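J.: Can you read through this structure? Questions will come right after.
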Amino acid sequence: MTKFLILLFMSFTGMSFAQKKPYSVTWQQFNVHTPPLLQIGELATKPADGTGNSRWSVGCETLDRDYADFSKYKQYVGELGVGYARIQSGWAKCEQEKGKYDFAWLDKIVDGLNEEGVRPWMCLCYGNPIYGVDRNLGGGLFIKEEVMKAWCKYVRETVKHYKGRIAMWEIWNEPNLRSKNNPEYYAEMLIRTADEIRKIDNEAVILAFGLSGMPLGWTKSVMDIVKERKKLHLINYVSYHPYYPNPDTATTDILALRKLVKSYSEKIDIFQGETGCPSILEYGHAMNHWEWSEYKQVKWDLRRMANDFNLVIPSSIFTMVDLQYENMLQSFGLIRMNLRKSVVYKRPAFYGVRHMANLLTTEVFPKELTLESSYSDREISLVGLADKNGKTIGAMLWFSDQIPTDQLERELVSLTIDGLSLKEAVYVEPITGRIYDLSCVILRGGMSGGKIRFSRLPLWDSPIFIMEKSCVPFKPGKE
């Protein structure tokens, strides 16, 4: 009976035993459960172009500990279309004998990303066992002068080696993760590391902290020390990692962090340096013990991107691929991997992030619009879209009151958006990249007086776009 069902399934999907082609059920489901609108085209996407002219980054972390094999997924990073990729430096892997540095393994990653048109930025983090300090996440910050001197020398050699090939430098990863890492220890680490970077490259862009969450008290304690020592000029950004089950509820804390940072210097801003969503129920790492799925993952990632766009914050999605930790195969990847660290298939999140990166470029800006009325019990987030001249070109909408669900059906909502005036509005679904005609849901006379009235507009708990057709990277026809 089981064999019969397998054969029936393969017959239905067009698969054969000879093909052994990876098959993403979730991706097929997104393409079957479409909004009740007439499809007229699909998004035309572009790969990364090497300019770094992008709001978006993707995580390529943990390669310093061999939790993934960059050569297995290199070709997909450029295809994603983001401008940047976060990597980690790996002191323990570069200096395995005191005073001798081998960057060959890291060169393959840095040069490989640049070849793909994606600019790497490097987190200088984690200790080195040859100096008696832990090389893993959550390891203690070192305070012994002997170790600090070795670290500073390593930083100098690394920055010297990669100057011009690295877009930005980040100092440590989640230093607040363990109580033993007090603010005084990190402030010393931050100042001395940033000083070393500036000695080699005074124009370097430096990200501080890499915070786990947004702990205002801990951050303030560090910034007070940096200010007291007159070193605020060393920092360009404060980076943080907002893992919230409902990505929309992070906004209050994000704004509080930005307000705190700006109180020290208007020249320093915040940077969303690492966050993403698992695709299965995890028993470890961020957001564990929630029943995640590939359906929820892509919705979560896109809502994080929509919020970061609205808040004008550079943003990095964690992570490019599943990571083979010592105790588990972590499932945050935009690409599903197997235990051999090889690609199985692109998850829906891969396509969703690619489409968002191609829609929300540096030529598009958030603009305030008003949801004048809505016949729905759900809370709807609305973000206006404008071109570089401030002209309104569209809007994003999504249900934001709950964590993402597995639900694939849309709710048909009647609503009015004030401030949205479009000549030829289209509906863009950024997970599949499909573009739909909207004429059947715009009420007669509903595109006048600087507002649009919709009847039975398909909405769900993931962003959808209403845009001026001429402003969409458009490819006619169906897939």
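J.: How far, in nm, would the chain grow between residue 326 and residue 370 when pulled straight, counting 0.36 nm per residue and subtracting the alpha carbon separation?
T.: So the extension gain works out to 10.9 nm.
J.: Could you give the distance between the Cα centres of the stretch 408-425 and the stretch 116-149, to the whole Å?
T.: If you average the Cα positions of each part, the centres end up 49 Å apart.
J.: Could you check how much of the accessible area of the stretch 176-264 is carbon and sulfur, as a whole percent, using a 1.4 Å probe?
T.: 51 percent
J.: So, one more: I'd like the distance between the alpha-carbon centres of the stretch 241-259 and the stretch 39-58, rounded to an integer number of Å.
T.: Centre-to-centre distance over Cα atoms comes out at 26 Å.
J.: Now for a different question. Using DSSP H assignments, which helices in the chain have an axial alpha-carbon span of 30 Å or above and a mean Kyte-Doolittle hydropathy of 1.0 or higher?
T.: Membrane-span-like by this rule: not one helix.
J.: Now a separate question. Over the heavy atoms of residue 376, what accessible area does a 1.4 Å probe trace out, to the nearest 10 Å²?
T.: About 30 Å², ignoring ligands and nucleic acids.
J.: With the crude spin-label approximation of a point 7 Å out along Cα→Cβ, what separation in nm comes out for residue 418 versus residue 69?
T.: Placing both labels 7 Å beyond Cα along the Cβ direction yields 5.9 nm.
J.: What is the extension gain from residue 451 to residue 265, computed as 0.36 nm multiplied by their sequence separation minus the C-alpha to C-alpha distance, in nm to one decimal? Can you show the working numbers first?
T.: On the way: separation 186, 0.36 × 186 = 66.96 nm, distance 3.91 nm.
That works out to 63.0 nm of additional length.
J.: Right, here's the next one. Hey, if we sort 441, 32 by accessible area with the 1.4 Å probe, largest down, what's the order?
T.: The most accessible residue leads, giving 32, 441.
J.: Kindly report the accessible area of the chain per residue (heavy atoms of protein chains, probe 1.4 Å, no ligands, DNA or RNA), in Å².
T.: Ligands and nucleic acids excluded, the figure is 42 Å² per residue.
J.: With each run of n ≥ 4 DSSP H residues scored as -39500 (n - 2.57), what mean residue ellipticity at 222 nm is computed for the chain after dividing by its residue count and rounding to the nearest 500 deg cm²/dmol?
T.: On the way: 11 runs with 137 residues, N = 479.
About -9000 deg cm²/dmol.
J.: Share of the stretch 118-169's accessible area from carbon and sulfur, percent, 1.4 Å? Could the numbers behind the result be given before it?
T.: Numbers: 970 of 2020 Å².
Of all accessible area on the stretch 118-169, carbon and sulfur atoms account for 48 percent.
J.: Could you tally up the Lys pairs in the stretch 285-426 with alpha carbons closer than 24 Å? Skip any pair fewer than 8 positions apart unless they're on separate chains.
T.: 9
J.: Of 199/220; 231/259; 180/220; 149/199; 72/108, which sit over 23 Å apart, Cα to Cα?
T.: Violating the 23 Å Cα-Cα cut-off are 199/220.
J.: Something else now. Tell me the label-point distance for the pair residue 33, residue 345, using the 7 Å Cα-to-Cβ offset, in nm and rounded to one decimal.
T.: With each label placed 7 Å out from Cα toward Cβ, I get 1.6 nm.
J.: Using a 1.4 Å probe and ignoring any ligands, DNA or RNA, find the accessible area of residue 51 and quote it in Å² to the nearest 10.
T.: 80 Å²
J.: Just reorder 154, 244 by solvent-accessible area, largest first, 1.4 Å probe, all chains present.
T.: Ranked list, largest accessible area first: 244, 154.
J.: Another question about this same structure. What does the extension gain come out to for residue 130 and residue 363, with contour length at 0.36 nm per residue minus their alpha carbon separation?
T.: The span from residue 130 to residue 363 would gain 79.1 nm if fully extended.
J.: Give me the percent of the accessible area of the stretch 334-424 that comes from carbon and sulfur atoms, probe 1.4 Å, all protein chains in place.
T.: Heavy-atom surface of the stretch 334-424 belonging to carbon and sulfur, 1.4 Å probe: 43 percent.
The values are calculated or read from the model by the stated rules, or taken from the named source; none is laboratory data. Values in this document were obtained by computation on a predicted structure and should not be read as measured data. Cβ coordinates were reconstructed from backbone atoms using ideal geometry, including for glycine residues, and neighbour counts include every protein chain displayed. When the accessible area is computed, the model is the full protein with side chains, heavy atoms only, and any ligands, DNA or RNA have been set aside. Shrake-Rupley method; radii C 1.70, N 1.55, O 1.52, S 1.80 Å.
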